[in-house]
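Read-outs: derived from the displayed coordinates by stated rules, not from any lab. All figures in this text were calculated on a predicted structure; none of them were measured in a lab. Heads up, the Cβs are rebuilt from the backbone with ideal geometry, glycines too, and the neighbour counts pull from every protein chain shown.
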């Protein structure tokens, strides 16, 4: 996960405006869009306080912002679940661990039939967390779309969990799935297979 380039931020910081420009550039590179804009708004408020305390407080502010960027870059803003980028990281680790123990990894992707807004998506995320094991990972990877990593799970187990997800009350969730094999060595490949499975179900009217 990308973090601020601390050397670039600190280099030749002679004025408060210069510090702001350097942090702003680093944030926009590491975290484009609304999350980065929120952090920039905080800088406007906090920079004058930190700068008044000297270099130590400036360094603490920059490090704190760097950690916040790293956290926000890995988190879905609507649900607080991992986002697609963090899911890929977690899935790569699960594949590596499963491969060393010769265990399959399943991925499910679920799509809301008709999302009625952020509140419902948060409720779906919470319902999925209650449904799966502690060792499983639930993420929101797109509007109305969730993914679940099921370590040590073969096709039969994945189908069982997919059925339970599709039956979650009142949400209208379509579910696609994929299970790791020697021909699907990367997280991106496995997630793509699960999304293709989901898209086929959606096209068929599931």
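For region 84-203, relative contact order (Cα pairs under 8 Å, six or more residues apart, normalised by length) works out to 34 percent. Taking the convex hull of the alpha carbon positions in region 99-151 and averaging its projected area over all directions gives 3.9 nm².
Rank the residues 135, 203, 177, 115 as a footprinting-exposure proxy: fewest other Cβ atoms within 10 Å of their Cβ go first.
Placing the least packed residue first, the sequence is 203, 135, 115, 177.
If r is the Cβ-Cβ distance from residue 188 to residue 96 and R0 is 22 Å, what FRET efficiency results, to the nearest 0.05? It would help to have the intermediate numbers written out before the result.
Numbers: r = 14 Å, r/R0 = 0.64.
Computed FRET efficiency for residue 188 and residue 96 comes out at 0.95.
Built from the Cα atoms of region 84-203, the convex hull projects on average onto 6.8 nm², one quarter of its surface area.
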